[in-house]
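Reviewing the structure listed below.
The values are calculated or read from the model by the stated rules, or taken from the named source; none is laboratory data. Since the model is a prediction, treat every value here as computed from it, not as a measurement. Please note: Cβ atoms are built from the backbone with ideal geometry, for glycine as well, and neighbour counts cover all protein chains shown. What goes into the accessible areas is simple: the full protein's heavy atoms, side chains included, and nothing from ligands, DNA or RNA. Shrake-Rupley method; radii C 1.70, N 1.55, O 1.52, S 1.80 Å.
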Amino acid sequence: MNRIPLIQRYSLFINIPAYSKLVTLNEGYTPLIPLPHIAIHLGGSFHLYAKYEGLNPTGSFKDRGMTVAISEAAGREVQTVICASTGNTAASAAAYASRAGQKAVVLIPEGKVAAGKLAGAVAYGAQVIQIAGSFDDALEMVVQISEHHPIALVNSLNPYRLEGQKTAAFEICDELGKAPDWLCLPVGNAGNITSYWMGFKQYNEYKASGLPHFLGVQAAGSAPLVLGHPVEHPETVATAIRIGKPARGEQALQAAEESGGKIIAVSDEKILEMQRALASEGIWVEPASAAGLAGLAEEIKQGAIDPSGKDIVIVCTGHGLKDPDIIVKSMPAPQKITAEIAALEDLILGS
Ligand SMILES: *Cc1c(COP(=O)(O)O)cnc(C)c1O
């Protein structure tokens, strides 16, 4: 099937300058996958779906924003783009910049970047620089350097990133025929929740598609928006949301409030439990991407959300292959046998 690039498909709703030069890798068009068993397990009679953003070209939703940010930069003949990243923005910026013939520079925090993400940035040819500091330190540095040099910032502070990321909201409305009742998603630097809210509101204005309530979910060790203050040393297995000072924190809080929803925190244990639950329905996501479901499960358990009869979408932001470390570490060694049928029969059929 010939896919029209998102920028053209939703041209009416995406604010991108006329001088832009289209740079695309056929991002978007991700499936909305029903999760009937998890819905039953959560105790409700309702429709639960995963918006599986891990199926984007570089394995996360970041590609939706990057196609717009890089297309705009390409239109200005920008030679170099820069971002701070916990991993997925780096891989996405690297891929789209390469495609546009631009150089990508990515700053990553010390230590905690998942192997699959780092490898991606390197494979696509980015200059990867690790700084002795946090994501938040890295973001401050790239903001400063892009203010003083002809280098384009492609973090979600770049408004074109948000323009592109709105398209996930449009796709969900197109597929369901309306907005869902609840949208549950992880919140890190808070660009995504901000984009979704912009997208749903815009579509509602044009198409009366309705508005969902938002359940934004942070990890307990990295929950500035729940605590109400920055977190100096954020800690969580969900490295994609290991951010102590979200750049779009205010907008995230506003989106949650306007939607009649909220932002909550969940434990790493719950996140990993829901990562396993999703895998049991055939969807392997990186830990951060299970946070939306973890939050929903907690809210239903506490009676704070009654899912009965509702359409609920959880956003699975990135693919499990990006961050296999946690699985690999907890994995039992494979069982070993001799290369004989009898040995295999013994093992799997019992004797
Ligand atoms: C970037 C990212 C997030 C967080 O999105 P924000 O826009 O920073 O809130 C969550 N999950 C994954 C997999 C990501 O790559």
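The table below lists the values:
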{"quantity": "Residue in the stretch 284-298 that is within 28 Å of T89 (Cα to Cα), at pLDDT 95 or above, of a type in the set (G, A, S) and not in a helix (DSSP H, G or I) present", "calculated": "no"}
{"quantity": "So V231, is it open to solvent by 10 Å² or more (accessible area, probe 1.4 Å), within 14 Å of the ligand (Cβ to nearest atom) and out of contact with any Cys (no Cβ under 9 Å at 6 or more places or on another chain)", "calculated": "no"}
{"quantity": "Single residue of L118, L157 found to be closer than 15 Å to N189 by Cα, hydrophobic (A, V, I, L, M, F, W, C) and within 14 Å of the ligand (Cβ to nearest atom)", "calculated": "L157"}
{"quantity": "Among the candidates A123, A132, A100, residue that is open to solvent by 20 Å² or more (accessible area, probe 1.4 Å), without any contact (Cβ under 8 Å) to a residue 60 or more places away in the chain and over 20 Å from S222 (Cβ atoms)", "calculated": "A123"}
{"quantity": "Residues of the stretch 52-77 classified as in contact (Cβ under 8 Å) with a residue 40 or more places away in the chain and away from the ligand (no atom under 14 Å from the Cβ), total", "calculated": "9"}
{"quantity": "Near pairs, Cβ below 6 angstrom, 6+ apart or cross-chain, from the stretch 234-251 (more than 17 Å from P287 (Cα to Cα)) to any residue that is more than 8 Å from the ligand (Cβ to nearest atom) and not in a loop (DSSP other than H, G, I, E, B)", "calculated": "G244/D136; G244/P224; K245/D136; G249/L225"}
{"quantity": "Checking R276 against (1) crowded, with 20+ Cβ neighbours inside 10 Å; (2) among the basic types (K, R); (3) without any contact (Cβ under 8 Å) to a residue 60 or more places away in the chain, the condition it does not meet", "calculated": "(1)"}
{"quantity": "Flag for Q251 being over 27 Å from M331 (Cα atoms), outside any loop (DSSP other than H, G, I, E, B) and away from the ligand (no atom under 16 Å from the Cβ)", "calculated": "no"}
{"quantity": "Top-ranked residue of the stretch 1-47 - restricted to ones that are at positive phi and under 24 Å from the mean Cα position of the chain (by Cα), ranked as surrounded by the most Cβ atoms within 10 Å (Cβ to Cβ)", "calculated": "G28"}
{"quantity": "Within the stretch 1-102, helices (runs of 4 or more DSSP H) holding 3 or more residues that are touching a strand residue (DSSP E or B) at 6+ places or on another chain (Cβ under 7 Å)", "calculated": "88-100"}
{"quantity": "Pair list, Cβ < 8 Å and 6+ apart or interchain, from the stretch 325-347 residues that are in a helix (DSSP H, G or I) to residues that are open to solvent by 100 Å² or more (accessible area, probe 1.4 Å)", "calculated": "E345/S351; L347/Q335"}
{"quantity": "Some residue of the stretch 159-173 being among the polar types (S, T, N, Q) and open to solvent by less than 10 Å² (accessible area, probe 1.4 Å)", "calculated": "yes"}
{"quantity": "Candidate set: the stretch 195-213, residues that are open to solvent by less than 10 Å² (accessible area, probe 1.4 Å) and closer than 22 Å to D63 by Cβ; chosen: the one nearest to the ligand (Cβ to nearest atom)", "calculated": "S195"}
{"quantity": "Failed item, numbered, when A93 is tested on (1) touching a residue at least 40 places away in the same chain (Cβ under 8 Å); (2) farther than 23 Å from Q144 by Cβ; (3) of a type in the set (A, V, I, L, M); (4) within 16 Å of the ligand (Cβ to nearest atom)", "calculated": "(2)"}
{"quantity": "Any chance A219 is open to solvent by less than 70 Å² (accessible area, probe 1.4 Å) and within 12 Å of the ligand (Cβ to nearest atom)", "calculated": "yes"}
